[in-house]
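> Take a look at the following structure, please.
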Amino acid sequence: MTWRMTGFDGVPLTRGGWTFFIPGSNARLSEPLRESLIDSAFAAIDGRLANRIRRSRHAETWLEHFDHVGGPDAFFKVLDPIRGLNRIRWIFKRMRAAHVASILERLRADGIGVPEILLLGAERRGGREIIVTARVDGSTVARYLKRAKLASRRVMLSALGAEVARLHRAGYIHGDLTPYNIFVTGLEPPQFAFIDHERTRRTILSRFDRPRMRNLVQLGRLQLSGVTNTDRMRVWCGYAAAFSARRRR
């Protein structure tokens, strides 16, 4: 298991059949916070955390607070073992948690808003993995749209399209670009952060129309209360403005 990560005091921590790593940028996390992260990781793995956020087809996500040890709120995402034909795809790939760490590092270097990784872990035999990230300040696009005033809503939607265009122009295709995986982190001007990067790729395919349009379909296909076709057009116009007239067509 070779990750571009830093272990605890330079050495990966093995405990309870799991191996844990922390990003090099967070190597100086306080000892109480480290221990609390590990304890909560096992609680998430065993389904014992109190605040379960979501259960998807491939993962379970929990929220935990660490203000008692001077840490941020954190999401614990426990990835199920890879099953069936999908397992063949990953034979020659890095572990999913390692991929997320790498892609977040690249996205951050390119100026794209992403969450901070606090801890990564992999089960030595069972095939499960865990990704712990600091909670992003702000609210999801879906939640923001429910309460925003009309003028702010219009500005945000146009800026959202421009930000997705910036993501694509930097060479990335998001794996699941829904309104629930984009956070509005600032308003003047609008700023965003993208989460859920197990399937995000930096790829030459970002130069082609079909993969980029697939991302836009993901963004627009969910039926959100109060979201109109005009709202979707504002996102599209913000996106299209980043490309030449020929590319827009």
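> Yes or no: V114 surrounded by 15 or more Cβ atoms within 10 Å (Cβ to Cβ), more than 20 Å from W18 (Cα to Cα), at pLDDT 95 or above and of a type outside the set (G, A, S)?
Working: surrounded by 15 or more Cβ atoms within 10 Å (Cβ to Cβ): yes; more than 20 Å from W18 (Cα to Cα): yes; at pLDDT 95 or above: yes; of a type outside the set (G, A, S): yes.
Yes.
> Which number in (1) modelled with pLDDT of 95 or more; (2) under 30 Å from G47 (Cβ atoms) marks the one condition that S158 misses?
(2)
> If you check F194, F208, F243, which single one turns out to be crowded, with 16+ Cβ neighbours inside 10 Å and among the aromatic types (F, W, Y)? Reasoning before the result, please.
Working: F208 fails: crowded, with 16+ Cβ neighbours inside 10 Å; F243 fails: crowded, with 16+ Cβ neighbours inside 10 Å.
Only one candidate passes the filter, namely F194.
> Also, I was wondering about something else. Do any residues in region 23-50 that are under 16 Å from A134 (Cα atoms) and in the same structural domain as R128 (by TED's automatic domain parsing) have Cβ atoms under 6 Å from those of residues that are at pLDDT below 85 and surrounded by fewer than 19 Cβ atoms within 10 Å (Cβ to Cβ), where the two are at least six apart or on different chains, and which pairs are they?
Filtered contacts from region 23-50: G24/T6; A27/T6.
> Output the qualifying pairs, or none if there are none: Cβ atoms under 7 angstrom, residues six or more apart or on different chains, first residue in region 172-184 and farther than 20 Å from T203 by Cβ, second residue outside any strand (DSSP E or B) and small (G, A, S).
Between residues of region 172-184 that are farther than 20 Å from T203 by Cβ and residues that are outside any strand (DSSP E or B) and small (G, A, S), the close pairs are P179/A142; Y180/A142; F183/G138; V184/G138.
> Can I ask one more? Residues to consider are T185, T230, T140, T203; find the one that is closer than 27 Å to L63 by Cα, out of contact with any His (no Cβ under 7 Å at 6 or more places or on another chain) and surrounded by fewer than 16 Cβ atoms within 10 Å (Cβ to Cβ). Walk me through it before giving the result.
Values: T230 fails: closer than 27 Å to L63 by Cα; T140 fails: surrounded by fewer than 16 Cβ atoms within 10 Å (Cβ to Cβ); T203 fails: closer than 27 Å to L63 by Cα.
Result of the check over T185, T230, T140, T203: T185.
> I'm checking my understanding of the structure. Among residues of region 139-169 that are under 17 Å from the mean Cα position of the chain (by Cα) and not in a helix (DSSP H, G or I), which one is farthest from D73 (Cα to Cα)?
Ranking the candidates gives T140 first.
> Taking the options F66, F76, name whichever one is surrounded by fewer than 21 Cβ atoms within 10 Å (Cβ to Cβ) and of a type in the set (F, W, Y). Break it down into steps so the answer makes sense when it comes.
Working: F76 fails: surrounded by fewer than 21 Cβ atoms within 10 Å (Cβ to Cβ).
Matching residue, one of F66, F76: F66.
> Criterion first (of a type in the set (A, V, I, L, M, F, W, C), assigned by TED's automatic domain parsing to the domain that holds P72 and either touching a Leu at 6+ places or on another chain (Cβ under 8 Å) or buried (at least 16 other Cβ atoms within 10 Å of the Cβ) (or both)) does I130 satisfy it?
Values: of a type in the set (A, V, I, L, M, F, W, C): yes; assigned by TED's automatic domain parsing to the domain that holds P72: yes; either touching a Leu at 6+ places or on another chain (Cβ under 8 Å) or buried (at least 16 other Cβ atoms within 10 Å of the Cβ) (or both): yes.
Yes: the conditions hold for I130.
> State whether the residues of region 209-232 include one that is farther than 17 Å from I103 by Cα, in a helix (DSSP H, G or I), touching a helix residue (DSSP H, G or I) at 6+ places or on another chain (Cβ under 6 Å) and of a type in the set (G, A, S).
So far as region 209-232 goes, yes, one or more of its residues are farther than 17 Å from I103 by Cα, in a helix (DSSP H, G or I), touching a helix residue (DSSP H, G or I) at 6+ places or on another chain (Cβ under 6 Å) and of a type in the set (G, A, S).
The values are calculated or read from the model by the stated rules, or taken from the named source; none is laboratory data. What you see is a predicted model; the values in this text were computed from it and never measured. As a convention, Cβ positions derive from the backbone with ideal geometry for all residues, glycine included, and neighbour counts pool all protein chains shown.
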